[in-house]
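J.: Here you go, one structure.
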Amino acid sequence: MAVRIRLSRAGAKKRPYYRIVVADVRSPRDGRFIERIGSFNPLLRKDDPKRLTLDLERAKHWLSNGAVATDRVATFLADANLIARPKQANSVQKSKPKAKAQERLKAAEAAAEAAKAAAEAPASA
């Protein structure tokens, strides 16, 4: 049975509250779980001690039994020095301008270089 440590959403609309649960990967996000090991309230300030509660002993137990943490929970566990921090995917391709915008930038650079060359030509003659 594949087990994952993940977030299960609770709370009202636009007022999220998450439980950190150990669940079978086949069960739905907010559905059946094996054990609840903590909670996360993103609406509280970052320095508030109630923002994240985590039972570290149970987390260690489940990690030693082969449970895999999701990305968000893995960052929580890394902050608690239980696992190594997961590498964040930085998609450079998505942040680049699209093709037409790149063409406009190249045209603007070429025009700026031409204007600079034209301004230097009379000064040197």
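Please treat every number below as a calculation from the coordinates, not as lab data. These numbers come from a predicted model, not from an experiment. No Cβ is skipped: glycine too gets one built from the backbone with ideal geometry, and neighbour counts run over all protein chains shown.
J.: Just wondering, is there one or more residues in the range 69-92 that are out of contact with any Cys (no Cβ under 8 Å at 6 or more places or on another chain) and more than 30 Å from Ala23 (Cβ to Cβ)?
T.: Within the range 69-92 (the criterion being out of contact with any Cys (no Cβ under 8 Å at 6 or more places or on another chain) and more than 30 Å from Ala23 (Cβ to Cβ)), the answer is yes, since at least one residue qualifies.
J.: Here's a follow-up. Among the residues of the range 2-24, which ones are on the phi < 0 side of the Ramachandran plot and not in a strand (DSSP E or B)?
T.: Ala2, Lys13
J.: If you don't mind, there's one more thing I want to ask. Which helices (runs of 4 or more DSSP H) does the range 25-125 wholly contain that include 2 or more residues that are within 18 Å of Arg9 (Cα to Cα) and under 24 Å from the mean Cα position of the chain (by Cα)?
T.: Here the list reads 71-79.
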